[in-house]
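Since every read-out is calculated from the coordinates, none of them should be taken as a lab result. Just so it is clear, the model here is predicted, and its values are computed rather than measured. Glycine also receives a Cβ, built like all others from the backbone with ideal geometry; neighbour counts cover every protein chain displayed.
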Amino acid sequence: MGEGVAGMIGELIVTALMKRGVQGVIIDSGIRDVAQIRDLGFPIWTKAVFSQGTTKSKGGWVNAPTVC
């Protein structure tokens, strides 16, 4: 599949989002754990469904500013 389509969001992230009050997600990438997310009743609009998660090749940042 093309770049940026891996399973960026799965059941664990959706559960954390729901606990924070998030009502749904629109993502220009892929998701995984579709059956579990459906069981949670959490709406996601996505580019693709992908069985593999992302690859973590280096550390990230915490409490850093973001730019869109």
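Values for this structure:
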{"item": "Where a residue in region 7-26 is over 15 Å from SER51 (Cα atoms) and its partner, wherever it lies, is aromatic (Phe, Trp, Tyr), with Cβ under 7 Å and at least six apart", "result": "VAL14/PHE42; MET18/PHE42; GLY24/PHE42; ILE26/TRP45"}
{"item": "Region 27-47, subset in a helix (DSSP H, G or I) and in contact (Cβ under 8 Å) with a residue 24 or more places away in the chain, residue farthest from GLY7 (Cα to Cα)", "result": "LEU40"}
